[in-house]
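Novice: Provided herewith is a single structure, encoded as structure tokens, for subsequent inquiry.
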Amino acid sequence: MNHKVAFSFADGKTLFFPVQANEILLDAALRNGINIPLDCREGVCGTCQGRCESGDYSQDYVDEEALSSLDLAQRKMLTCQTRVTSDATFYFDFASSLCNAAKPAQRLGKVCEVQPVSDSTAIVYLQLDQPLDFLPGQYARLSIPGTAHQRSYSFANRPGNRLQFLIRLLPDGVMSNYVRERCQVGDELLLEAPLGAFYLRQVARPLVLVAGGTGLSALLGMLDELVARGCEQPVHLYYGVRSAADLCEAERIKAYAETLPGFRYTEVLSDPSPQWTGKRGYLTDHFEVAELRDTTADMYVCGPPPMVESIKQWRQDQGLECVQLYYEKFTESNI
């Protein structure tokens, strides 16, 4: 039985390849043209090390000089000694170019639906001829028809051949104008994917998911994956936007409560109308500090840079080093 393995690199590139039953991971990578740096191939030098982010594996031999007991506890591994026993994801703290890895795939997708989901947001659906592999939370770079411009958007769904992208409609932007004025079912868009080092890791602790604006897109993909996998850990989604008109995908989010035991949802408006009766202010005003102090958790944050930086500072101020933070900043183009 083959297993599907993803290698993710520090430059945000991710490569997928099959690994045969009981095959050494390094051998499978080399066979698929991914030349991981190596030296001894005996589990001694540590040159080929990475970290398993999800999945199950074993190692034949690891010298204590190559990986310490703490390294092993943190799921660090040597590709020359690793055998996977499930689909798995591994991260390497160097650029993919160091191992002469191929560029991310370029694929053509056809617009099959455009769905307005709020006053300021739409979902664009693309259909591919063949399924695209990516890790939930990653993004694609889309070429905008009729222009020389590209824009990056997170996948709002699990891997497959029907893709979703949550797109904010700016008053005047290249993608925004295309979606509003020219986009038609059947249009072809070139996309480069998968990209990004922000993705769902092995779930072994409670999850806190934090979205600002269309940063919700990446977290919707993660939530879909959690539903498909089955998740026994509690999940709390925080969603912050300016006004109630900017909230979107309410029914979809509500449905997660029916399929994910322990799912909770908190929405926060930074500039609400007087009629708003829900939570207002900044997301950090509403995080449950006492709960986070009592448990270890993984926090995934996706949104504009000021929001991400404020959450990083809040975590430091609260002394919550026990909370593992993963984040993705995005800057919305105004052209």
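Here, each number is a calculation from the coordinates, and none is a lab measurement. The structure displayed is predicted, hence computed values, not measured ones.
Novice: So for segment 105-195, what percent of the C-alpha to C-alpha distances run longer than 20 Å?
Specialist: Cα-Cα pairs of segment 105-195 separated by over 20 Å account for 26 percent.
Novice: I want to verify a result. In a Gaussian network model of the chain, Cα cutoff 10 Å, which of these has the top mean-square fluctuation: Gly173, Gly137, Gly50?
Specialist: Gly173
Novice: At 222 nm, what value in deg cm²/dmol follows for the chain if DSSP H runs of at least 4 each add -39500 (n - 2.57) and the sum is divided by all its residues, to the nearest 500?
Specialist: Helix-only estimate at 222 nm: -5000 deg cm²/dmol.
Novice: Here are some pairs, Lys76/Lys279; Lys13/Lys279; Lys4/Lys110; Lys76/Lys329; Lys110/Lys254; which of them have Cα atoms lying more than 32 Å apart in this structure?
Specialist: Pairs exceeding the cut-off: Lys76/Lys279; Lys13/Lys279.
Novice: Using all Cα-Cα distances in segment 253-301, what percent lands in each 10 angstrom bin from 0 up to the longest?
Specialist: 20, 41, 34, 5
Novice: Dividing the convex hull volume of the alpha carbon atoms of segment 88-148 by its residue count, what do you get in Å³ per residue?
Specialist: Convex hull volume per residue, Cα atoms: 172 Å³.
Novice: Over the Cα atoms, compute the radius of gyration (one decimal) and Dmax (the largest Cα-Cα distance, rounded to a whole number) for the chain, in Å.
Specialist: 20.8, 67
Novice: Could you check what % of the DSSP bridge pairs in segment 3-99 are antiparallel, to the nearest 5? Mind showing how you got there, number by number?
Specialist: Details: 16 of 21 bridges.
Just about 75 percent of them are antiparallel.
Novice: Here's something else I'd like to know. Can you give me the C-alpha center-to-center distance between segment 173-204 and segment 27-73, rounded to a whole angstrom?
Specialist: The distance from the Cα centre of segment 173-204 to that of segment 27-73 comes to 34 Å.
Novice: With a Cα-only, solvent-free Debye model of segment 142-217, what are the log10 I(q)/I(0) values at q = 0.12 Å⁻¹?
Specialist: -0.43
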